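First comes the structure, then the notes that go with it.
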Amino acid sequence: MIKTNIIDIKDIYYYIVIDSDNNKYELNIEFYDINKPNVGDIIYFPKRILVNNGVYSFGKIKDTNNTLDDYIVVVASGKKVYLQRYYG
C-alpha cells in the first residue's frame, strides 16, 4: 500500500493527496459510514488503484472475500479505519 497525505480538499469530494515521492494525485472520493478525513490525515491506497483523477467510493467493510486492491486504510485523529471500495 502507498501512504498518502491529504494536502487539500476542494468542494466535498475532491481530494488532493501526495505520496512519499512527492507524486500528487487528484481524486474524487466519496466516503460512506465514517466522518470524512481532513487535510493532514493519511490514506493508504493499494498501488493498483492509486491513479490521478480516479473516482472512488469507500465505506465499511461488507465483504471480506475481495482482493487487497479493494481496501484502503484511513488514519484520522490517531485512529485507523479500514474501508472497502464500493466503486472505482
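The values are calculated or read from the model by the stated rules, or taken from the named source; none is laboratory data. These numbers come from a predicted model, not from an experiment. All Cβ positions, glycine included, derive from the backbone under ideal geometry; neighbour counts span all protein chains shown. Just the protein is used for accessible areas: all its heavy atoms, side chains included, with ligands, DNA and RNA removed. Shrake-Rupley method; radii C 1.70, N 1.55, O 1.52, S 1.80 Å.
Solvent exposure of the chain, expressed per residue, is 62 Å² of accessible area, with all protein chains present and a 1.4 angstrom probe.
Under the criterion of Cα pairs below 8 Å and six or more residues apart, the relative contact order for the chain equals 27 percent.
A simple charge model with +1 on the Cβ of Lys and Arg, -1 on the Cβ of Asp and Glu and nothing else charged puts the dipole of region 1-74 at about 80 debye relative to its Cα centre. Note on Tyr13: accessible area approximately 80 square angstrom, rounded to 10, probe 1.4 Å, nucleic acids and ligands left out. Within region 55-88, what residues put their amide N at less than 19 Å from the label point 7 Å along the Cα-to-Cβ vector of Asn28? Zone members listed by number: 55-59, 85-88. Give me the percent of the accessible area of the chain that comes from carbon and sulfur atoms, probe 1.4 Å, all protein chains in place. Exposed carbon and sulfur together represent 46 percent of the surface.
When the Cα atoms of the chain are enclosed in a convex hull and the volume is divided per residue, what value in Å³ results?
Per residue, the Cα convex hull of the chain comes to 86 Å³.
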